[in-house]
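Structure first, commentary second.
The values are calculated or read from the model by the stated rules, or taken from the named source; none is laboratory data. Computed from a prediction, not measured in an experiment: that's the story for all the values here. Cβ coordinates were reconstructed from backbone atoms using ideal geometry, including for glycine residues, and neighbour counts include every protein chain displayed. All accessible areas refer to the heavy atoms of the entire protein, side chains included, with ligands and DNA or RNA removed. Shrake-Rupley method; radii C 1.70, N 1.55, O 1.52, S 1.80 Å.
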Amino acid sequence: WFTLTDRFMFVFYPLGHPLVLSIGELLGHMEYIPPLVGSAVLLLIYLIVYQSTRSYMFGVLAMIICLASPFYQTQTIDYMSHNTASLFLLLSILPLFFPHSALLLLTGFFQGMLLNTRPLTFIITFLL
């Protein structure tokens, strides 16, 4: 997944998503990582919607809408980086709903992981 020349090593793909997949490789079950990431995305969607509306109904409704989405369903069964990028994006937004100065450091960390997963997605979210 890299090219070695006489001066440097060039990596074709950003390292954020392979780092997440490597957790499954270390445990011997890499096929479980995309569904687990998708489950974490659903949980984070519920937490963010509940925290912003204080309504269980809207939190569950947001989870159902996400779960019914064909895009979400196809991303939780393959090894592409879309679901991992959405996980990092939601994790970087989450500390904004639970204000604590130490948690705000996590926003920067997860934005950096988003940059190392899908750089164009990071640029758009950073500009917004």
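Worth a mention:
- Taken over segment 76-128, the criterion of being charged (D, E, K, R) and under 11 Å from the mean Cα position of the chain (by Cα) is satisfied by ARG118 alone.
- The single residue among PRO18, PRO14, PRO34 that is in contact with a Pro (Cβ under 8 Å, 6 or more places away or on another chain) and either under 14 Å from THR84 (Cβ atoms) or modelled with pLDDT of 95 or more (or both) turns out to be PRO14.
- Inclusion of GLN75 among residues that are in contact (Cβ under 8 Å) with a residue 24 or more places away in the chain, open to solvent by less than 90 Å² (accessible area, probe 1.4 Å) and either farther than 24 Å from PRO99 by Cβ or small (Gly, Ala, Ser) (or both) is warranted.
- Among helices (runs of 4 or more DSSP H) entirely within segment 57-128, having at least 2 residues that are in contact with a Phe, Trp or Tyr (Cβ under 9 Å, 6 or more places away or on another chain) and not hydroxyl-bearing (Ser, Thr, Tyr) singles out 82-97, 101-115.
- Only one entry of TYR56, TYR50, TYR46 meets the criterion of being surrounded by fewer than 13 Cβ atoms within 10 Å (Cβ to Cβ) and modelled with pLDDT of 95 or more, and that entry is TYR56.
- The residues of segment 78-107 that are closer than 18 Å to HIS17 by Cα and either open to solvent by 50 Å² or more (accessible area, probe 1.4 Å) or touching a strand residue (DSSP E or B) at 6+ places or on another chain (Cβ under 7 Å) (or both), listed by number, are TYR79, MET80, HIS82, LEU106.
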